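Scroll down for the structure; my scribbles are underneath it.
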Amino acid sequence: MNACGTSAPDVFIPNRQQPMRITLRQLSVFRSLYETHRVSASAARLHLSPSAVSQSLKELESALGARLFVRESKGLTPTPAALTLLPYATLLVDKADEVEALFAEAGEGRAGTLAVGANRRFGIYVLSRRLMHMKRRMPAIETSLMIEDNDVVEDAVAGHLIDVGFISGRPTNPDLDGFPCFEDRFAFVVGLGSPLMSAYVTARELSDATWVLEREQRTQRDVLAHLEARGIRIRHSVTMDTMGAVKRAAGTGLGVALLPYLSVREEILRGDLVEIMKPASTELADSQKIWAVWRRDAEGALRSAFFQACSIEPIA
């Protein structure tokens, strides 16, 4: 009774004599009781016994030092303290549900963060495109891409700096696992209808052909060294400013080009370019293949989802 002789309403005054002990289960029970107004209905909704629901409510009221419901013939009636508690309980329970869902999705490979590294050739010509497709298909997976030399990428995987790496050749670190997934070699390409599209082309025929080269000196040196090792001496050539221009020139029939396979793979698949003198996959050394690598002790769900979304799978 107050000074005016009327009953004072229930108020939200925590019991400060001992540390507050509020659990998410208690708040979940409270919210369900607020919505159903019945212990039996809340017990069925939460898959608990009625006694467990009543005990949880009792513990919550004790922790808060406030009565939350009044029992009446028609069910439970919320008190003013319950009205005060409801938005906080709803927020905390909903956030807890979000956290559970987030980690459940991560465990199933449907959400999370994945750090990826690749050597320059694979990162530029393959992975950068595939990551864009993956982002559209699986927006809940956040990815970052580091493009570096092979040794740097392998060390980053082993050092827990990135989750997955793509390198040329089998990993040397014993703590890493992986599989070959792409060919990493040079490819001789010509346009459709070229006279060089025969079952076998000799080094002399290639020496007499017109070659389309990229103007960049380092690339030219790599190409010429590769040709020289196969007994091919270029006599006629034209140079282009970019690799894209080289591919277009070869595709229109201007000449033959020697380019990294990864840079022309899509054009070959589309039929814009034709590969000649293609080696069998069994002839390729490990150093001529891109390997996907990861730590042996790493969780695999997110990695597997990434491989599937980017169409990355083992090759022979």
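The values are calculated or read from the model by the stated rules, or taken from the named source; none is laboratory data. Keep in mind it's a predicted model, so treat the numbers as computed, not measured. Cβ sites come from the backbone with ideal geometry, for glycine too, and all protein chains shown count toward neighbours.
General observations
- Selection from the range 187-227 of residues that are surrounded by fewer than 19 Cβ atoms within 10 Å (Cβ to Cβ) and assigned to a strand (DSSP E or B): Thr210
- For the range 19-43, the set of residues classified as within 15 Å of Ala66 (Cβ to Cβ) and either at pLDDT below 90 or surrounded by fewer than 13 Cβ atoms within 10 Å (Cβ to Cβ) (or both) consists of Met20, Arg21, Ile22, listed by residue number.
- Restricting the search to strands (runs of 3 or more DSSP E) fully inside the range 60-152 and requiring at least 3 residues that are at pLDDT below 85 gives an empty result.
- Residue in the range 167-176 that is within 34 Å of the chain's Cα centre (by Cα) and hydrophobic (A, V, I, L, M, F, W, C) present: yes
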